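Heads up: the structure comes next, in structure tokens.
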Amino acid sequence: MAKMPSVNINASFKKKDVYSKAIIALTVVCIIWGTTWPASKEGVSHMPALEMAGIRQLIGGSLFLLFFFIKGSSLPKWRELGPLFVLAMLNFVLSNGLSTWGLKYISAGLASIISAIFPLWLVLIGLFTNSQRIPWKALIGLLTGFAGVCIIFFEHLADFLNPNFRFGIFLSLVATFTWAVGSLYTKQRAAKFNPYFGLGFQMLIAGIALFGISTTDSAFIPVNAIPWQSWLSIGYLVLFGSVITFTAYVYTLQHLSAEQASIYAYINPIVALLLSAILLGEKITPYIVVGGIVTLVGVYLVNKSLKAKLAKV
């Protein structure tokens, strides 16, 4: 009597189990990263934004480094410190710091939509720095995304008379631009070191820089005087926004395709908009809904076109 192919059956079950866990991890990323926008908005309502971002990165970076030190990971080499410092400045001091600061002046829902347009910056950067032709689908996506942003801002035309609103939009746009530059720099310069261990160093460096900068602010609050609402936001952002979600995102990237993993970029703004409306009383208008959908369609076209281009390389 022939033996049953138990090994193949076990391997099949194991593969399905890993895939199921990866889907759960992706769901965590899609939902939780969207919740960080209203959480940040609530936190900066009670304390200086850069101070809050600095404390968050200090704690988050320390936890990441502690985890990898316990696992026995070695320290970065001297030649890796330069790229880590540059990435810390781009991804956390500028991108995270400025986007958090921007929440002082604009709604969490609007900020989340602006954050989703960073692939459009990749196309614009490519137009000026890349000798190769940009795919036509990427250009269509760029124009579509720009049209979506115009729809969103149409009802905010009067708000642009407010210098605080203009400043918040400016901060958010610069934050998405530096995230795009950081993504390109990571691909070109920082591929030789452990990106996840390096993440802890980036967060720690950024935390020290942001907290140091915040001490020069006249509105700086002593640590023992920070309101409980802000500590609650910081705790949530560190535990869920950084530790849990980054771990889930790493697992997702390891077991799902990049195209599947990128779904989070389209769901995060939806989660942020809904939660901001429920928890913070922010209004969801037809312009935001239609403009948000058009913007995300543009981002989707850009992502799909750039991935197809990379697949041919």
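Tabulated data
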quantity: Any hit, the stretch 115-129, residues being touching a Phe, Trp or Tyr at 6+ places or on another chain (Cβ under 9 Å), of a type in the set (S, T, Y), modelled with pLDDT under 90 and part of a helix (DSSP H, G or I); calculated: yes
quantity: Pairs, first at negative phi in the stretch 269-280, second in a helix (DSSP H, G or I) and open to solvent by 30 Å² or more (accessible area, probe 1.4 Å), C-beta under 6 Å, six or more apart; calculated: V271/I31; A272/W37
quantity: Matching residues in the stretch 81-95 - criterion: being over 21 Å from the mean Cα position of the chain (by Cα) and either surrounded by 18 or more Cβ atoms within 10 Å (Cβ to Cβ) or of a type in the set (S, T, N, Q) (or both); calculated: none
quantity: Meets criteria (under 25 Å from A49 (Cβ atoms), part of a helix (DSSP H, G or I), touching a residue at least 60 places away in the same chain (Cβ under 8 Å) and among the hydroxyl-bearing types (S, T, Y)) for T176; calculated: yes
quantity: Condition check for L139: free of Cβ contacts under 8 Å to residues at least 24 places away in the same chain and in a helix (DSSP H, G or I); calculated: yes
quantity: Residues satisfying the stated conditions in the stretch 48-84, i.e. under 13 Å from L210 (Cβ atoms) and assigned to a loop (DSSP other than H, G, I, E, B); calculated: P48
quantity: Checking V243 against (1) loosely packed, with under 15 Cβ neighbours inside 10 Å; (2) modelled with pLDDT under 85, the condition it does not meet; calculated: (1)
quantity: Filter result (small (G, A, S) and either more than 18 Å from I117 (Cβ to Cβ) or surrounded by 17 or more Cβ atoms within 10 Å (Cβ to Cβ) (or both)) within the stretch 138-188; calculated: A138, G141, G145, G148, A158, G168, S172, A175, A180, G182, S183
quantity: The stretch 194-232, residues that are open to solvent by 10 Å² or more (accessible area, probe 1.4 Å), of a type in the set (G, A, S) and in a helix (DSSP H, G or I); calculated: A209, G212, A225
quantity: Extreme residue, most open to solvent (accessible area, probe 1.4 Å), among residues of the stretch 26-57 that are among the charged types (D, E, K, R) and within 14 Å of S276 (Cα to Cα); calculated: E42
quantity: Within the stretch 96-137, tally of residues that are open to solvent by 30 Å² or more (accessible area, probe 1.4 Å), closer than 27 Å to A39 by Cβ and either basic (K, R) or out of contact with any Lys or Arg (no Cβ under 9 Å at 6 or more places or on another chain) (or both); calculated: 5
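The values are calculated or read from the model by the stated rules, or taken from the named source; none is laboratory data. Quick caveat: nothing in here was measured; it's all calculated off a predicted structure. Virtual Cβ from ideal backbone geometry, glycine too; neighbours counted across all protein chains shown. Surface areas here come from the heavy atoms of the whole protein model, side chains and all, with no ligands, DNA or RNA. Shrake-Rupley method; radii C 1.70, N 1.55, O 1.52, S 1.80 Å.
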